[in-house]
Every structure is written in C-alpha cells, then in structure tokens.
Amino acid sequence: MNPRLLHDELAIAARAWPDQVAFVTPKKEISFGELKKKQSALAGALQGLGLERGARLAILGHNSADYIAWHYAAAEAGLIFHVLNTRLA
C-alpha cells in the first residue's frame, strides 16, 4: 500500500462521494466536493502569495468550517501548518 498524505484523503473522498456531507456546522452542511473546492482555492492562493513548500503558515482564529479547509490547503501546498491558540494571550 502506498502512503498517502492528508490532502490525498480529501481528494479521494471528494471523487468517491462529492455530494455526501463531510461535516456539519451550526449554520450549514459542507460536502466533500465543496470542501475540496475550497481547499484547492486556498492552496492556490497561498502559493500565489509566494509561499513555497516547507514554508510555515500560522493561523490565529476561532473554530470555524473554514479552519478545516485551511488544514487541507496547507497540506496540499506543502506548508508547515501551525495552529495558534486564541486563549493564550
């Protein structure tokens, strides 16, 4: 079995079940297809900003649906993703 990366798992799920619910928020449901589109757009934007593989990306924010897309986008772009805790001042 070939090893897969985090963003590979989302791509596989989006191809197999594009309309299936990936997760539910208080405001809406997000399908695997929607999550994959958002992830690809974010990864492209990060690369467009000049971030290259191995660069570090830190995000400070509250839990949200977009937060998961950032995780997958960083993985696709080959970035090292750091999560900053809003409760640590």
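The values are calculated or read from the model by the stated rules, or taken from the named source; none is laboratory data. Predicted, not measured: the structure shown is a model, and the values here were computed from it. Neighbour counts run over all protein chains shown; Cβ positions are idealised from the backbone, glycine included. All accessible areas refer to the heavy atoms of the entire protein, side chains included, with ligands and DNA or RNA removed. Shrake-Rupley method; radii C 1.70, N 1.55, O 1.52, S 1.80 Å.
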Task: Scan of the range 29-57 for residues that are touching a residue at least 24 places away in the same chain (Cβ under 8 Å), buried (at least 18 other Cβ atoms within 10 Å of the Cβ) and among the charged types (D, E, K, R), ordered by number - done: LYS36, LYS38
- [ ] Test each condition in (1) open to solvent by less than 60 Å² (accessible area, probe 1.4 Å); (2) over 13 Å from SER40 (Cα atoms) for LEU88 and report the one that comes out false.
- [x] (1)
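Before we move on, is ARG56 modelled with pLDDT of 95 or more and of a type in the set (D, E, K, R)?
When the stated conditions are applied, ARG56 passes them.
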Open item on the list: Go through the range 8-28 and report how many residues are in contact (Cβ under 8 Å) with a residue 12 or more places away in the chain, surrounded by 13 or more Cβ atoms within 10 Å (Cβ to Cβ) and more than 19 Å from SER64 (Cα to Cα).
Closed with: 5
